[in-house]
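Notes follow once the structure below has been shown.
Any read-out appearing in this document is the output of simple, stated calculations on the displayed coordinates, not a laboratory observation. Given the structure is predicted, the values throughout are model-derived calculations rather than measurements. When we count neighbours, we look across all protein chains shown, and the Cβ atoms used for this are built from the backbone with ideal geometry, even at glycine.
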Amino acid sequence: MTATPAGAIHPSNDPITHALENQFGLADRVVDEATLANSVARFRERGITLPTFAELADPSRIDPARVGDADPQGPDARNLWRVHWYNDLAGNRVDVPQHVVLPPALTGIESPIIVVFGDRFPMITAHKVLPAYTCLAPRIVTGQFDPTRHRAIWPSTGNFALGVIAISRIMASRGVAILPAVMSQERVVWLDLWGENLAEVV
């Protein structure tokens, strides 16, 4: 651990850093070494490795062996390496995110509109796994979330619930989905199949 330079404010005493860490969980340092050690041990035991945000932004940097033969729709931690826009429907990597261009002749507006397909993401065929990962991963690597003792509480009105339960499960973490009273039967069936703690789907 490096010492704080003379005259500098220690991160824990800086009001902005304090607010980011304690109100929003957005630390840019290791907050708790013991919690991080628990996470590392859990992930090592389960064979889980985490992609960086830079790798997910540019999957050409990812070795295809990271995914291997993982079923794109299965609860396999190797699917973390597919949590990006560069997949086809079969879960194979593509050079450009799959999309369609709506021309002015169709839309009636001057600019073409590009529609990127979100159903190419793994496990739930929706892009909500990506924001779920970007919420949970930073809290794990900074020692703010311990998958061996904490629960991740996820409020959602729909597909985000599926994304967070999928990501929690393949990251060996306990996820709790908080949902509206009326849910589509499709989502209920999915949660029944994927949820490991169904009593905690509120």
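Full extension of the chain between Q23 and S111 yields a length gain of 27.6 nm, computed as 0.36 nm times the residue separation minus the alpha carbon distance.
Tell me, which longest segment in the chain has none of the trypsin sites (Lys or Arg not before Pro) that fall in DSSP loops with at most 15 further Cβ atoms within 10 Å? It works out to 30-148.
Against the chain, whose longest principal axis comes from its Cα atoms, helix 185-194 is set at around 50 degrees. A value for semi-axes √(5λ) of the Cα gyration tensor in Å was derived from the coordinates, and within the list (1) 32, 23, 19; (2) 40, 16, 15; (3) 24, 22, 15 it appears as (1).
For R44 and V189 in one chain, what is 0.36 nm times their gap in residues minus the Cα-Cα distance, to one decimal in nm?
Extending this stretch completely gives an extra 49.1 nm.
Annotation: the residues D146, D95, D71, sorted from fewest to most other C-beta atoms within 10 Å of their own C-beta, follow the order D95, D71, D146.
Helix 159-170 and the long axis of the chain differ in direction by around 60°, with both axes built from C-alpha atoms.
Secondary structure note: in the chain, about 50% of the DSSP beta bridges are antiparallel.
Every helix of 4 or more DSSP H residues in the chain counts as -39500 (n - 2.57), and over all residues that averages to -9500 deg cm²/dmol at 222 nm.
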